[in-house]
């Protein structure tokens, strides 16, 4: 990627993250909305802890830049991006629970069930998932009802039993069931891919773009979703190699095979370059307007942290 | 309540429950929908276990009969009723978890985390909540997008931090915090009241009824939601009295005060009669069309199981 593009991408990612952080805080600090009775402070504090955590906010960036491709107004895209981040953060809160991955720390901070308790973490996750649909359906997005309903539906499909939550189930089973390569690809397309795909597709829906563009953006999302996971696996693999002086295939040994561990770092890097090319090709029709999204694809596939 | 009305109500409740059961099974057995990648069988089995449990399906009944007040087509109301039941059942699955109420049995069957495992129960609950919004937003409801978006929003408000999930949080805190009467009323209006209120309001939204009717039905829902809880508390209280030969105020002793335990059975019965009158008065404008809903109000307030 050109150095200028990279700088522009990092600047935009940072700026969007700041805007999302402000909006999420505003939503979580809002006075009672019509239909609400009271917001228990402990629950709200747990939700804030899980959401306002200094993440990179990659998914929100993808929503906003996908919408910008079609010169859509930024405010609706920002709200949909915030909703998507609520879904992402709820999934992390539930994933960290003792019954799931049992993690005590996330980004150097205690996980929600550690900072509060398990029951509060379960409920905070539930409330964030619910809040996401509240945000999308609300007239405050300043989108026609048709688009709000389409976004609710696409988000529910990406997050539900046939998407992210289904992928989490497959991931839990993977330790026992040892999926083959096709199984791993499907698992990852669901667990991490579905929300990234939605992020890109959502921009097109927000903008009211034609169905062909919506499909093109969704495909772009699928490509970088897969690249995101491969890059993650590659980082694990090479970190192990560095630490141990050889390929330990730690994930594979732990029962969770990754494509990178199965096929090695060289194959993985080749795949990643192919995915960057594919992602960039999908954005060709949008010319210069797509420079930031192209840089995002390169960043996702080549990041080293 | 007139004996005929009671018979008609029980017949209708049974018929609606059967229709809901068929639709829920159909939805949970459906082939992959657009946007879905795969539905892991273990997850789907856990969702079915939590949903297809032979419940009375009171909330779906309220949606369908509220819609029928305005002569709305039955099919959209049935789908919204199914979505609401998914939300109700997800809340029971999460409520039963060891970190929450830690219940092994529900309706004589193992709870979802007992029949499967905790992780699967958490994910099945998450997937059912997500599915509810999928159902509401889907064009298959045959409702205009404006109504689908309004229903998503009202459901999210009823189920979220300012409604049901907030009420569950308050309920967990009640053991330590000992809320006063106003606190108990608020807790119950959120934990059990909000979804029942939504059920009645949803019928009016499905039918595209004017705002005044929507508000009237919501108030009717609030009245019977409170009656539902008071009747529940009264059953606990009198069961204790019968068993122990005196008012044991078991719930109060366990740290969870109820209005019935605080004020005694006579006061509670008086309140329940007042709520029946209030609920019936709210339905006066609808004349004979409201006979089944009136009978439902009486049933909710006077049930003895």
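All of the numbers you see were taken from the coordinates with simple rules; none came from a lab. It should be emphasised that the depicted structure is a prediction, and the values quoted were computed from it without experimental measurement. Backbone-built Cβ (ideal geometry, glycine too); neighbour counts: all protein chains shown.
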Review point. Taking only the alpha-carbon positions of segment A:3-302 and ignoring solvent, what does the Debye formula give for the base-10 log of I(q)/I(0) at q = 0.17 Å⁻¹?
Key: -1.53
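Note down the relative contact order for segment A:3-302 as a percent, whole number, built from C-alpha pairs under 8 angstrom at least six residues apart.
Value for segment A:3-302: 18 percent.
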Point to revise | Radius ratio Rg over Rh of segment B:112-242, counting only Cα atoms, Kirkwood formula for Rh | key: 1.04
**Study point:** Packing-based exposure ordering (other Cβ within 10 Å, fewest first) of B:222, B:305
**Key:** B:305, B:222
**Study point:** Computed E for residue B:29/residue B:104 - FRET, C-beta separation, R0 30 angstrom, nearest 0.05
**Key:** 0.65
Study note, to complete from the structure: Sorted largest first, the C-alpha extents of segment A:258-297 along its principal axes in whole angstrom are 37, 14, 13
Point to revise | Using alpha carbons only: equivalent-ellipsoid semi-axes of segment A:37-122, gyration tensor based, whole Å | key: 28, 15, 10
Practice item. Work out the mean other chain Cβ neighbour count within 10 Å for the residues of A:143-149 and drop it here as an integer. Key: 6
Revision key, fill the gap. Output field shielding_mean for B:182-195 (other chain Cβ, 10 Å radius) holds 1
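Taking R0 as 45 Å, what FRET efficiency do you get between residue B:288 and residue A:270 from their Cβ-Cβ distance, rounded to the nearest 0.05?
My answer for the efficiency is 0.05.
So if R0 is 35 Å, what FRET efficiency would residue B:45 and residue A:146 give, r being the distance between their Cβ atoms, rounded to the nearest 0.05?
0.50
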Study note, to complete from the structure: Each residue of A:165-175 has, on average, a number of other protein chain C-beta atoms within 10 Å of its C-beta equal to 6
Study note, to complete from the structure: Most exposed first, judged by fewest Cβ atoms within 10 angstrom, B:219, B:201 run B:219, B:201
Review point. Under the classification rounded if a/c is under 1.5, otherwise prolate if a/b is larger than b/c and oblate if not, where does segment B:117-171 fall, given a ≥ b ≥ c as square roots of the Cα gyration tensor eigenvalues?
Key: oblate
Study note, to complete from the structure: Using the Kirkwood radius over Cα pairs of the protein assembly as shown, the Stokes-Einstein translational diffusion coefficient at 10 °C and 1.306 mPa s, in µm²/s and rounded to a whole number, is 63
Point to revise | Sequence of A:138, B:266 once ranked by neighbouring C-beta atoms within 10 Å, starting from the fewest | key: B:266, A:138
Practice item. Sort largest first and round to whole Å: the equivalent ellipsoid semi-axes of segment A:26-83, each the square root of five times a Cα gyration tensor eigenvalue. Key: 27, 16, 6
**Study point:** At 7 Å out from Cα toward Cβ: residue B:108 inter-copy label distances (nm, ascending)
**Key:** 5.7
Practice item. Please report, in cubic angstrom per residue, the volume enclosed by the convex hull of the alpha-carbon atoms of segment B:160-202. Key: 55
